[in-house]
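For reference, the structure discussed in these notes is given below.
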Amino acid sequence: MSDSPMLEVKNISFSINQNRLFQNLSFDLFKGQAIHVKGANGSGKSSLLRILLGISSPSKGDIIWHNISKKVFLGHKNVLKNYLTVADNLHLHGLDAAHPEVKSMLQDLNLHNKTELLVGNLSYGQQKKLALVRIFLNTSNVIILDEPCVGLDDQTRKLITSFLSSELNKNKSIIYTSHIPLELSSKEVMVGGF
Amino acid sequence: MFIIFKLELFKLRKKLRAWLGPILVFLLITISFPLTIELASDDLKNVFYSVLWIASLLTVMVSVEGIFLEDYEDGTLENFSVTNDSLFSMVLMKIFIYWLLIGIPISLLGTFFSISMSGQMSSLNVALPAMLISTYIFINLFSLGNSLSLNKGSVLGALITMPLLFPILILLGKIVLNANFGFEIYNLLLLMLGVLLLIIVFIPFIISFIIRTHLE
């Protein structure tokens, strides 16, 4: 980890319709570090991620990204087109299903023989895995994930954890929310409690 | 910008019913309308252009119904706003591709039918430019309506947009009137082109702002 943070979150607060979700939240994110955002349902975990991504604005406080060019995000929506095949969906995200690196990841996730299937015909878990392929083959230096392991079996979850660990080793940073514990060395940030 | 163009074209091209369906609706209206009145009637020649404008208006309205909805629902817009700074270029390209795959074909079909109805090649000079310009304007305006009513149903979007379309329909009517009396139509076409040039830039900008607000 480097000495200067790539993200500084300073005393941010957030409310929706006068319902305060979190207050005076502060933390830093360094290169090669993972942050696990924890909290009860409705505590503002997803809202915090959306604030960090710049989609929403905090009611108070500052978010400072240092020298960040690219962030990649997977939220509750998988960013997949049901009427397109797996290969076509990968193409939309700039990935070639025939590329060795993509092929190998599809093989790991047991999707290698489904490239010509329509995404609409895949199960929720398979769609989630396909969405994660886009995340892991991205060149962005910050990965932001909102409940990445929902709908995945134990084996895939372990695989996802190992992918995330290898991303950390590449000096990428990860911020994620997950109710399912991941075996990933990460700093915890609690939200909510109001 | 070119990558966005390629990907948006790829998406729409693969969704056959989204662009072929509206073209078939247009074809159905233009073919079936003359069958409902006396084919040899002179009235047919006079009212056919009006049918053409209304048919293109309805076709565009149907075709752009889900122009942003699908991308909004599956997270594409949210993802695009995170990974790419320019929602504007995405909206601009989306509208252009809809015109390319729907606006141009219905303009060509409409021109073909207007020549068949009038029996004069001169109809080409009226119908083709008027339809090419008006369909692009219609797509822009209906897209604006749909962006405003994103997630609230397309009827609301159409209702919001309708008043903005009336001046264009009046201009189209004037063009036909002038053409029938043998008056100059190019000044009116230029006026419509001017409106289009303003719309091409401003509407995608406004839409991208509206979408950003929806995403928040």
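Do the conditions hold for B:Ser122, that is, is it away from every other protein chain (no Cβ under 14 Å) and open to solvent by less than 30 Å² (accessible area, probe 1.4 Å)?
It is false that B:Ser122 is away from every other protein chain (no Cβ under 14 Å) and open to solvent by less than 30 Å² (accessible area, probe 1.4 Å).
Quick check on segment A:12-34. Is at least one of its residues in contact with an Asp or Glu (Cβ under 9 Å, 6 or more places away or on another chain), more than 23 Å from A:Ser185 (Cα to Cα) and modelled with pLDDT of 85 or more?
Scanning segment A:12-34, I find at least one residue that is in contact with an Asp or Glu (Cβ under 9 Å, 6 or more places away or on another chain), more than 23 Å from A:Ser185 (Cα to Cα) and modelled with pLDDT of 85 or more, so the answer is yes.
For A:Tyr83, state whether it is among the aromatic types (Phe, Trp, Tyr) and either more than 27 Å from B:Phe5 (Cβ to Cβ) or open to solvent by less than 30 Å² (accessible area, probe 1.4 Å) (or both).
Numbers: among the aromatic types (Phe, Trp, Tyr): yes; either more than 27 Å from B:Phe5 (Cβ to Cβ) or open to solvent by less than 30 Å² (accessible area, probe 1.4 Å) (or both): no.
No: the conditions fail for A:Tyr83.
Could you list all residues from segment A:54-78 that are open to solvent by 20 Å² or more (accessible area, probe 1.4 Å), within 11 Å of chain B (Cβ to nearest Cβ) and out of contact with any Gly (no Cβ under 9 Å at 6 or more places or on another chain)?
Result: A:Gly54, A:Ser57, A:Ser69, A:Lys70.
Looking at A:Ser15, A:Ser4, which one is open to solvent by 20 Å² or more (accessible area, probe 1.4 Å), out of contact with any helix residue (DSSP H, G or I) (no Cβ under 7 Å at 6 or more places or on another chain) and part of a loop (DSSP other than H, G, I, E, B)?
On the way: A:Ser15 fails: part of a loop (DSSP other than H, G, I, E, B).
Sole residue among the options that is open to solvent by 20 Å² or more (accessible area, probe 1.4 Å), out of contact with any helix residue (DSSP H, G or I) (no Cβ under 7 Å at 6 or more places or on another chain) and part of a loop (DSSP other than H, G, I, E, B): A:Ser4.
Yes or no: segment B:116-132 includes at least one residue that is within 27 Å of B:Val47 (Cα to Cα), under 21 Å from the mean Cα position of the chain (by Cα) and of a type in the set (Val, Ile, Thr). Reasoning before the result, please.
Initially, segment B:116-132 is screened for residues within 27 Å of B:Val47 (Cα to Cα), giving B:116-132.
Next, from what is left, pick out any that are under 21 Å from the mean Cα position of the chain (by Cα): B:123-132.
Within this subset, residues satisfying the condition of being of a type in the set (Val, Ile, Thr) are B:126.
Yes, segment B:116-132 contains at least one residue that is within 27 Å of B:Val47 (Cα to Cα), under 21 Å from the mean Cα position of the chain (by Cα) and of a type in the set (Val, Ile, Thr).
Tally time: how many residues in segment A:94-109 are assigned to a loop (DSSP other than H, G, I, E, B) and either surrounded by 19 or more Cβ atoms within 10 Å (Cβ to Cβ) or among the aliphatic types (A, V, I, L, M) (or both)?
Matching residues across segment A:94-109 total 4.
Would you point out the residue of segment B:17-37, among those that are of a type in the set (A, V, I, L, M) and at pLDDT below 85, that is nearest to B:Leu100 (Cα to Cα)?
Among those that are of a type in the set (A, V, I, L, M) and at pLDDT below 85, it is B:Leu35.
I'd like to know if segment A:86-106 contains one or more residues that are more than 14 Å from chain B (Cβ to nearest Cβ) and under 24 Å from A:Ile175 (Cβ atoms).
The answer is yes, given that some residue of segment A:86-106 is more than 14 Å from chain B (Cβ to nearest Cβ) and under 24 Å from A:Ile175 (Cβ atoms).
Against the condition outside the structural domain of A:Glu147 (by TED's automatic domain parsing) and open to solvent by less than 20 Å² (accessible area, probe 1.4 Å), how does A:Val37 come out, does it pass?
no
Answer with yes or no whether A:Ile51 is open to solvent by less than 40 Å² (accessible area, probe 1.4 Å), closer than 19 Å to A:Asp146 by Cα, within 14 Å of chain B (Cβ to nearest Cβ) and touching a residue at least 12 places away in the same chain (Cβ under 8 Å). Before you say what the answer is, go through the steps one by one.
On the way: open to solvent by less than 40 Å² (accessible area, probe 1.4 Å): yes; closer than 19 Å to A:Asp146 by Cα: yes; within 14 Å of chain B (Cβ to nearest Cβ): yes; touching a residue at least 12 places away in the same chain (Cβ under 8 Å): yes.
When the stated conditions are applied, A:Ile51 passes them.
Name, by its number, the condition in (1) within 14 Å of chain A (Cβ to nearest Cβ); (2) not in a helix (DSSP H, G or I) that does not hold for B:Val82.
Unmet condition: (2).
I'd like the residue in segment B:64-79 that is open to solvent by less than 10 Å² (accessible area, probe 1.4 Å) and without any contact (Cβ under 8 Å) to a residue 60 or more places away in the chain and, out of all such residues, is farthest from the other protein chains (Cβ to nearest Cβ). Steps first, please.
Start the filter on segment B:64-79 by keeping residues that are open to solvent by less than 10 Å² (accessible area, probe 1.4 Å), which leaves B:64, B:67-68, B:71, B:75, B:77.
Okay, now just the ones that are also without any contact (Cβ under 8 Å) to a residue 60 or more places away in the chain, so B:71, B:75.
Details: B:Asp71: 9, B:Gly75: 3 Å.
Filtering segment B:64-79 for residues that are open to solvent by less than 10 Å² (accessible area, probe 1.4 Å) and without any contact (Cβ under 8 Å) to a residue 60 or more places away in the chain, the one farthest from the other protein chains (Cβ to nearest Cβ) comes out as B:Asp71.
With touching a residue at least 12 places away in the same chain (Cβ under 8 Å) and within 30 Å of A:Ser15 (Cα to Cα) as the only criterion, which of A:Ile160, A:Ile64 stands out?
A:Ile64
Give the residue, chosen from B:Leu44, B:Leu16, that is open to solvent by less than 50 Å² (accessible area, probe 1.4 Å) and either in contact (Cβ under 8 Å) with a residue 24 or more places away in the chain or under 19 Å from the mean Cα position of the chain (by Cα) (or both).
The conditions single out B:Leu44.
Tally time: how many residues in segment B:172-216 are outside any helix (DSSP H, G or I) and either touching a residue at least 12 places away in the same chain (Cβ under 8 Å) or open to solvent by less than 40 Å² (accessible area, probe 1.4 Å) (or both)?
The qualifying residues number 1.
Can you tell me which residues in segment B:147-161 are within 13 Å of the chain's Cα centre (by Cα) and either at pLDDT below 80 or open to solvent by 10 Å² or more (accessible area, probe 1.4 Å) (or both)? So that I can check it myself, show each step before the final result.
Step one: filter segment B:147-161 for residues within 13 Å of the chain's Cα centre (by Cα), giving B:158, B:161.
The one that is within 13 Å of the chain's Cα centre (by Cα) and either at pLDDT below 80 or open to solvent by 10 Å² or more (accessible area, probe 1.4 Å) (or both): B:Ala158.
Being touching a residue at least 12 places away in the same chain (Cβ under 8 Å) and not in a helix (DSSP H, G or I) is the requirement here; does B:Gly21 meet it?
Criteria not met by B:Gly21.
The values are calculated or read from the model by the stated rules, or taken from the named source; none is laboratory data. Quick caveat, the model's predicted, so the values are computed rather than measured. With ideal geometry, Cβ positions are generated from the backbone for all residues, glycine too; neighbour counts draw on all protein chains shown. We work out accessible area using only protein heavy atoms, side chains counted, and drop any ligands, DNA or RNA first. Shrake-Rupley method; radii C 1.70, N 1.55, O 1.52, S 1.80 Å.
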